[in-house]
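Novice: I'd like to ask you about the structure that follows.
The values are calculated or read from the model by the stated rules, or taken from the named source; none is laboratory data. Keep in mind the model is a prediction, meaning the values are calculated, not measured. Note that each Cβ is placed from the backbone with ideal geometry, even for glycine, and that neighbours are counted across all protein chains shown. The protein model used for the area step is the full one, side chains on, heavy atoms only, and it has no ligands, DNA or RNA in it. Shrake-Rupley method; radii C 1.70, N 1.55, O 1.52, S 1.80 Å.
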Amino acid sequence: MCRHLAFLGPEEPLGALLVEPEHGLFRQSWAPRRQRHGTVNADGFGVGWYAEGDAVPARYRRAGPIWGDQSFADLARVVRTRALLAAVRDATVAGADGEAAAAPFAADPWLFSHNGAVPGWPGSLAPLVQTLPAVELLSLEARCDSALVWALVLHRLQGGDDESQALADTVLEVAEAAPGSRLNLLLTNGETITATAWGDTLWYLTEPGRRTVVASEPYDDDPHWQEVPDRTLLTASRTEVLLTPLKDMNDNMAPSPTPGSARPGGPTSSKEPRT
């Protein structure tokens, strides 16, 4: 359900990251190579990017498929950025929210996307609504599982949690309330990328000190792409990537640490060199 990508690096046209790669997000909208659930991501798309000297990102979102939007083709050719988050959508449940339900969601300096689905929506997450102030519920952009997951993350961020804690706690909370949820979350503030692999594919490509890409699947056949193990938290900057196992509240054992990773509460930095 959906494909997404986040990038930090030297200034690039949007199209160089999303359209031009042989298996880029543009092509993934109709021919993903590694998508486990769904086959066509034609229920909307969006891209958010950061302009030099402005911490608040711009967004371009539409309810239709990315391949049918000629305005985006022009935009992608000329707009350049050092950080972006983009997504193509395969809706879990058909609805009338259209563009409002397309990632990235945004607030303050953050851009957010959810690749996955929450079974039993909306009833399964009804108990979690009690944790949100009424004004935040009334401010939801769309009536879909991703919008509520974003509200839960944002509530934690605005309450002072860092990005890693906000994503990890939200994933564990939602997974406990709705077992079987797929919760690949992707978040950026323009300087760092934080993501979770929980039920679907996640990969990263890094050139330490220069660029980092985190995506649902590789956009080319570069052998330096590395897959993130399931149930893992990823935190990245332009210089390093850290992988930390996440524990399902319903599991008896946490996954074993992966090379270059740390358990929650352990070391908070580990470089993943390009080899």
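Novice: Answer yes or no: is there a residue in the stretch 69-80 that is more than 16 Å from the chain's Cα centre (by Cα) and among the hydroxyl-bearing types (Ser, Thr, Tyr).
Specialist: First pass over the stretch 69-80, keeping only residues more than 16 Å from the chain's Cα centre (by Cα): 69-80.
Filter once more, so that each one left must be among the hydroxyl-bearing types (Ser, Thr, Tyr): 71.
Yes: the stretch 69-80 contains one or more residues that are more than 16 Å from the chain's Cα centre (by Cα) and among the hydroxyl-bearing types (Ser, Thr, Tyr).
Novice: Among the residues that make up the stretch 209-223, is at least one of them within 18 Å of ALA168 (Cα to Cα), modelled with pLDDT under 90 and either of a type in the set (A, V, I, L, M) or open to solvent by less than 50 Å² (accessible area, probe 1.4 Å) (or both)?
Specialist: There is no residue in the stretch 209-223 that is within 18 Å of ALA168 (Cα to Cα), modelled with pLDDT under 90 and either of a type in the set (A, V, I, L, M) or open to solvent by less than 50 Å² (accessible area, probe 1.4 Å) (or both).
Novice: Residues in the stretch 101-120: is at least one open to solvent by less than 60 Å² (accessible area, probe 1.4 Å) and without any contact (Cβ under 8 Å) to a residue 12 or more places away in the chain?
Specialist: Filtering the stretch 101-120 down to residues open to solvent by less than 60 Å² (accessible area, probe 1.4 Å) leaves 101-107, 109-120.
From what's left, without any contact (Cβ under 8 Å) to a residue 12 or more places away in the chain: none.
Within the stretch 101-120, none of the residues are open to solvent by less than 60 Å² (accessible area, probe 1.4 Å) and without any contact (Cβ under 8 Å) to a residue 12 or more places away in the chain.
Novice: Residues VAL78, VAL88, VAL56: which one is among the β-branched types (Val, Ile, Thr) and without any contact (Cβ under 8 Å) to a residue 60 or more places away in the chain? Reasoning before the result, please.
Specialist: On the way: VAL78 fails: without any contact (Cβ under 8 Å) to a residue 60 or more places away in the chain; VAL88 fails: without any contact (Cβ under 8 Å) to a residue 60 or more places away in the chain.
The match here is VAL56.
Novice: Let me ask another. Any residue that is part of a strand (DSSP E or B), open to solvent by less than 50 Å² (accessible area, probe 1.4 Å), modelled with pLDDT of 90 or more and hydroxyl-bearing (Ser, Thr, Tyr) - is there at least one of those in the stretch 250-273?
Specialist: Going through the stretch 250-273, the residues part of a strand (DSSP E or B) turn out to be 261.
Applying the additional criterion that residues be open to solvent by less than 50 Å² (accessible area, probe 1.4 Å) yields 261.
Retained after the next criterion (residues that are modelled with pLDDT of 90 or more): none.
Checked the stretch 250-273: no residue is part of a strand (DSSP E or B), open to solvent by less than 50 Å² (accessible area, probe 1.4 Å), modelled with pLDDT of 90 or more and hydroxyl-bearing (Ser, Thr, Tyr).
Novice: Additional query: Regarding the stretch 29-38, can at least one residue be identified that is under 15 Å from the mean Cα position of the chain (by Cα) and open to solvent by less than 70 Å² (accessible area, probe 1.4 Å)? It would help to see each step written out before you state the result.
Specialist: Taking the stretch 29-38 first, the residues under 15 Å from the mean Cα position of the chain (by Cα) are 35.
Going one step further and asking which of them are open to solvent by less than 70 Å² (accessible area, probe 1.4 Å), we end up with 35.
Yes, the conditions are met somewhere in the stretch 29-38.
Novice: Right, next: Just checking: which of the helices (runs of 4 or more DSSP H) contained wholly in the stretch 124-193 hold 3 or more residues that are under 19 Å from HIS4 (Cα atoms) and of a type in the set (A, V, I, L, M, F, W, C)?
Specialist: Working: elements: 134-138, 145-158, 163-177.
Fully inside the stretch 124-193 and qualifying: 145-158, 163-177.
Novice: List every residue pair whose Cβ atoms sit under 6 Å apart, with the two residues 6 or more apart in sequence or on different chains, where the first one lies in the stretch 142-161 and is open to solvent by 20 Å² or more (accessible area, probe 1.4 Å) and the second, anywhere, is in a helix (DSSP H, G or I).
Specialist: Filtered contacts from the stretch 142-161: ARG156/ALA166.
Novice: Exposed (fewer than 15 other Cβ atoms within 10 Å of the Cβ) and more than 12 Å from VAL47 (Cα to Cα): which single residue out of ASP97, ASP90, ASP74, ASP69 fits that description? It would help to see each step written out before you state the result.
Specialist: Working: ASP97 fails: exposed (fewer than 15 other Cβ atoms within 10 Å of the Cβ); ASP90 fails: exposed (fewer than 15 other Cβ atoms within 10 Å of the Cβ); ASP69 fails: exposed (fewer than 15 other Cβ atoms within 10 Å of the Cβ).
Matching residue, one of ASP97, ASP90, ASP74, ASP69: ASP74.
Novice: Please find, among LEU186, LEU172, the residue that is in contact (Cβ under 8 Å) with a residue 60 or more places away in the chain and touching a His at 6+ places or on another chain (Cβ under 7 Å). If you could, list the steps in order and put the result at the bottom.
Specialist: Details: LEU172 fails: touching a His at 6+ places or on another chain (Cβ under 7 Å).
After applying the criteria, what remains is LEU186.
Novice: Right, another one. Across the stretch 1-57, which residue is modelled with the lowest pLDDT among those that are closer than 27 Å to ALA117 by Cα and among the aromatic types (Phe, Trp, Tyr)?
Specialist: TRP30
Novice: I would also like to ask the following. Look at the stretch 206-215 and say how many of its residues are out of contact with any helix residue (DSSP H, G or I) (no Cβ under 9 Å at 6 or more places or on another chain) and under 19 Å from LEU111 (Cβ atoms). Give the derivation first.
Specialist: First pass over the stretch 206-215, keeping only residues out of contact with any helix residue (DSSP H, G or I) (no Cβ under 9 Å at 6 or more places or on another chain): 206-212, 214.
Within this subset, residues satisfying the condition of being under 19 Å from LEU111 (Cβ atoms) are 211-212, 214.
Number satisfying all stated conditions: 3.
Novice: Exactly one condition in (1) farther than 26 Å from GLU22 by Cβ; (2) open to solvent by less than 60 Å² (accessible area, probe 1.4 Å); (3) at pLDDT below 95; (4) not basic (Lys, Arg) is false for LEU242; which is it?
Specialist: Evaluating LEU242 over (1) farther than 26 Å from GLU22 by Cβ; (2) open to solvent by less than 60 Å² (accessible area, probe 1.4 Å); (3) at pLDDT below 95; (4) not basic (Lys, Arg) leaves (3) as the failure.
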